[in-house]
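Take a look at the structure below.
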Amino acid sequence: MPANRSLALVVRTVDVFETSLVVTLFTRELGKVAALAKGGRRLKSAFQGGLDLLGVSDIVLLPKASESLDLLTEAAPVERFSCLRRDLAALYAGYYIAELLTDLTDYHDPHPKLFDAARITLRHLGDPGLRARRVLRFELACLREIGLMPLLDRCAHCGEPLGDEEAVAFGPATGGTLCPACRPGQPHVITASRRTIEGLQALATPGDAWREMGMSGSELATVRQTVGAVVSHVLGHRPRVWPFLGV
Ligand SMILES: [Zn+2]
């Protein structure tokens, strides 16, 4: 089989044998792949820093037949995110991005837009003022890419546009906002304020409006809980990095 070249974000590494690694890579062109990096733990490995967690590398993969890992033959570092080395909160947010990419996407299912979104988010995690919003935008980008973006402007059950009620029913497990008629009988429905839904809409919209939206810390925390409920539902568990995520 021919070798494949791609840009890749290193999202997980596991030591195997004495000197090798199994790396999980979120590649731009090939989607998520798991590959064996022979000798990747040696001090003077051929990969020379190309396997650092949360770094972007230019990689070459030799695909293997089914039931065995691809073989990683090259990994040259392309971009390192210095904020992750300086700032523990940025590092945990980076781990969260890696967890989402690992657990929300399938092997060999490319999402180049999501790769680009991850790269841009990682670049800017050092800014504490916008970090929480950037992470939220990335979570929403993930949900959109895998086709599970919650509806925010109409009822997820009957499709009717939302009214102007101050309290809006939101079903993390049922596809988004619900009208008063459809709410009864739906599982795990939470009540969100209109501000929370508007905040979500702004964060999910392309352009720069999300930077300017005036939200207090507690309003942002409520948006975070609402998105978190959707992500937890999709994953089937709470994200592992959550207890450390200070956003
Ligand atoms: Zn409805």
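For the stretch 2-55, enumerate the residues that are among the hydroxyl-bearing types (Ser, Thr, Tyr) and under 25 Å from LEU114 (Cβ atoms).
Scanning the stretch 2-55 gives SER6, THR13, THR24, THR27.
State which residue is farthest from ASP103 (Cα to Cα) when the search covers only the stretch 217-247 and only residues that are in a loop (DSSP other than H, G, I, E, B) and open to solvent by less than 50 Å² (accessible area, probe 1.4 Å).
So in the stretch 217-247, the residues in a loop (DSSP other than H, G, I, E, B) come out as 236-241, 245-247.
Then drop every residue that is not open to solvent by less than 50 Å² (accessible area, probe 1.4 Å), which leaves 239, 241, 245, 247.
Details: PRO239: 9, VAL241: 12, LEU245: 17, VAL247: 20 Å.
Applying the filter and picking the extreme gives VAL247.
Here is a check on your reading of the model: is ASP208 within 16 Å of the ligand (Cβ to nearest atom) and either over 23 Å from ARG134 (Cα atoms) or in the same structural domain as ALA89 (by TED's automatic domain parsing) (or both)?
no
Pull up the stretch 163-177, narrow it to residues that are assigned to a strand (DSSP E or B) and either among the acidic types (Asp, Glu) or over 29 Å from ASP106 (Cβ atoms) (or both), then point me to the one that is nearest to the ligand (Cβ to nearest atom).
So the first thing to find is which residues in the stretch 163-177 are assigned to a strand (DSSP E or B), and the list is 167-171, 176-177.
Add one more test, that the residue is either among the acidic types (Asp, Glu) or over 29 Å from ASP106 (Cβ atoms) (or both), and what stays is 167-169.
On the way: ALA167: 15, VAL168: 12, ALA169: 9 Å.
Per the criteria, the residue is ALA169.
Would you point out which residue out of VAL22, VAL33 is part of a strand (DSSP E or B) and surrounded by fewer than 20 Cβ atoms within 10 Å (Cβ to Cβ)?
On the way: VAL33 fails: surrounded by fewer than 20 Cβ atoms within 10 Å (Cβ to Cβ).
Criteria check complete, one pass: VAL22.
Got a number for residues in the stretch 1-19 being open to solvent by less than 40 Å² (accessible area, probe 1.4 Å) and closer than 16 Å to GLY55 by Cβ?
Residues flagged as open to solvent by less than 40 Å² (accessible area, probe 1.4 Å) and closer than 16 Å to GLY55 by Cβ within the stretch 1-19 amount to 5.
Considering each of SER45, SER82 in turn, give the residue that is within 19 Å of ALA3 (Cβ to Cβ) and of a type outside the set (D, E, K, R).
SER45
Going by what's in this entry, would PHE26 be described as assigned by TED's automatic domain parsing to the domain that holds VAL234 and in contact with a Phe, Trp or Tyr (Cβ under 8 Å, 6 or more places away or on another chain)?
Against the criterion (assigned by TED's automatic domain parsing to the domain that holds VAL234 and in contact with a Phe, Trp or Tyr (Cβ under 8 Å, 6 or more places away or on another chain)), PHE26 does not qualify.
The values are calculated or read from the model by the stated rules, or taken from the named source; none is laboratory data. Quantities reported herein were computed from a predicted structural model and do not represent experimental measurements. Every residue, glycine as well, gets a Cβ built from its backbone with ideal geometry; the counts of neighbours run over all protein chains shown. Heavy atoms of the whole protein, side chains included, go into the accessibility calculation; ligands, DNA and RNA do not. Shrake-Rupley method; radii C 1.70, N 1.55, O 1.52, S 1.80 Å.
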